[in-house]
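Visitor: Before we start, here is the structure in question, set down as structure tokens.
The values are calculated or read from the model by the stated rules, or taken from the named source; none is laboratory data. Worth saying up front: this structure is predicted, and the values here are computed from it rather than measured. Positions of Cβ are backbone-derived with ideal geometry, glycine not excepted, and every protein chain shown enters the neighbour counts.
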Amino acid sequence: MNHEGKTRDQLIEELAQMQGRLAQLEQQQAEFDELRSRLFKAQKLEAIGTLAGGIAHDFNNILSIIMGYSELAELKYQENENADQYLKEVLKACRRAKDLIRQLLTFSHSGDKLERQVLYIRPIIKEVIKFLKAFLPSTIEIQQSIASETGVVFAHPTQIHQVLTNLCTNAAHAMEKAGGILEVSLADVDLDRHTVPPRSGIKPGPYVRLTVADTGRGMDRATLERIFDPYYTTKEPGKGSGLGLPVVQSIVREHEGAISVSSEIDKGTTFHVYLPRIEASLSVSEEPSVPVPTGTERILIVDDEAALVDIWKRYLELLGYVVATKTSCLEALELFRVHPDYFDLVITDYTMPHMNGVDLAREMRRIQPNIRIILCSGWRQRLGHERTREAGVRAFLMKPLELRSAAEIIRCVLDES
């Protein structure tokens, strides 16, 4: 740049302009870095979603096998009290895993919201505390104070379980070196405009307050301001993804609630979760012993998982049905082509080699337009209602399968006029 003939003031002005442009470039670079970081995080979430969808099918097949053989064993050993109780616990754990897979798919793909129900939080707290006692070191003392006897919420139990488990494990992590006290409490509260947590976005009214407090190392103000940011974590590499608290906050907000936190260095941290309280009473009663529906119709089962085919055959034959099975959709189609009027119902998996269940249903309907077809899948969102309806699918069975529910759906489809 030629500075000859320019006054000192002009040079100073040009220098100021250059500094201004430099500051602008630095700001643009910072914005670019922020956008690049967001893009990376978005791509990472997309990858998580793709992975979730990919493993859901196989994982639900595994759960279906565990649940299926457990239910068959339960039918056989009902008179053995110990065996029956053990099998019930296996099935209970499987249903928990089933809900977690549904939740993973919903979170990673922003799909349909999980179904909520009227429930007490009290039993969930007891279950989580029982779980924590099994693995926490003796240096961490667990205390509980559950004052809520009548407060009921409208929520998804697995999501509430996840919220509590996440908060408790974070609290335990804050005390893993020095030990301390982990306190979990539950109470009914009535919030007014003075007691509503600031910036929470919730309205005054009746709430259930779930509190998780620890006497751990605490957090400073800078950390507190970032704990709900995705991927932010204070844990060492390999000990946390940073997704825990953002997911907790997301679940609480989806339930029209709020979460607040207070902390002090070397004195501990307290989380309060507020969920809308509803006026309802829950009575615990045994389900009526309704007989499992039976039948004598002829059913073709198609699934590339041999163990699942075996479970289907054993169970449905116990109920009186005549069952044929195939682990290849091409072999199933050939069998159906040779005997188009023999089968009353076809139950087919969706994800199989060579041909998916919807395409198989469409081909079978071309051969026999009146055939009834039930489609199995571990993820209903991917099926597409238009495609399945056009293919003639009458009903869905969602994996992992529960045999009694499957028997009821089968009977309903067969009884359709």
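This table checks each residue for (1) farther than 29 Å from L75 by Cβ; (2) under 32 Å from the mean Cα position of the chain (by Cα); (3) part of a loop (DSSP other than H, G, I, E, B); (4) not aromatic (F, W, Y).
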| position | (1), (2), (3), (4) |
| --- | --- |
| K313 | no, yes, no, yes |
| L330 | yes, no, no, yes |
| Y342 | no, no, yes, no |
| E408 | no, yes, no, yes |
| C412 | no, yes, no, yes |
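Visitor: Against the definition (assigned to a strand (DSSP E or B), more than 23 Å from E256 (Cβ to Cβ) and in contact (Cβ under 8 Å) with a residue 24 or more places away in the chain), how does E127 come out, yes or no?
Guide: no
Okay, residues lined up against (1) crowded, with 18+ Cβ neighbours inside 10 Å; (2) without any contact (Cβ under 8 Å) to a residue 12 or more places away in the chain; (3) closer than 20 Å to T165 by Cβ:
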| site | (1), (2), (3) |
| --- | --- |
| S64 | yes, no, no |
| M67 | yes, no, no |
| L75 | no, no, no |
| N80 | no, yes, no |
| Y86 | no, yes, no |
| A93 | no, yes, yes |
| R96 | no, no, yes |
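Visitor: Right, L119: closer than 30 Å to D214 by Cβ, touching a Cys at 6+ places or on another chain (Cβ under 9 Å) and modelled with pLDDT of 75 or more or not?
Guide: No: the conditions fail for L119.
Visitor: Kindly list, by first and then second residue, each pair from a residue in region 267-285 that is over 19 Å from L210 (Cα atoms) to a residue that is modelled with pLDDT of 65 or more, limited to pairs with Cβ atoms under 6 Å and residues at least 6 apart or on different chains.
Guide: K267/G218
Visitor: Another question, then. Would you mind listing the strands (runs of 3 or more DSSP E) fully within region 198-300 where at least 3 residues are more than 26 Å from G180 (Cβ to Cβ), in contact with an Asp or Glu (Cβ under 8 Å, 6 or more places away or on another chain) and modelled with pLDDT of 90 or more?
Guide: Once the strands (runs of 3 or more DSSP E) in region 198-300 are filtered for at least 3 residues that are more than 26 Å from G180 (Cβ to Cβ), in contact with an Asp or Glu (Cβ under 8 Å, 6 or more places away or on another chain) and modelled with pLDDT of 90 or more, what remains is 205-214.
Visitor: Does region 199-211 hold any residues that are within 11 Å of I259 (Cα to Cα) and either aromatic (F, W, Y) or in contact (Cβ under 8 Å) with a residue 12 or more places away in the chain (or both), and which are they?
Guide: Within region 199-211, S200, G201, I202, R209, L210, T211 qualify.
Visitor: Hey, another quick one. Regarding L308, is this residue closer than 24 Å to P293 by Cβ and touching a helix residue (DSSP H, G or I) at 6+ places or on another chain (Cβ under 7 Å)?
Guide: In short, yes.
Visitor: Another question, then. So how many residues does region 159-189 have that are within 20 Å of V208 (Cα to Cα) and hydroxyl-bearing (S, T, Y)?
Guide: 2
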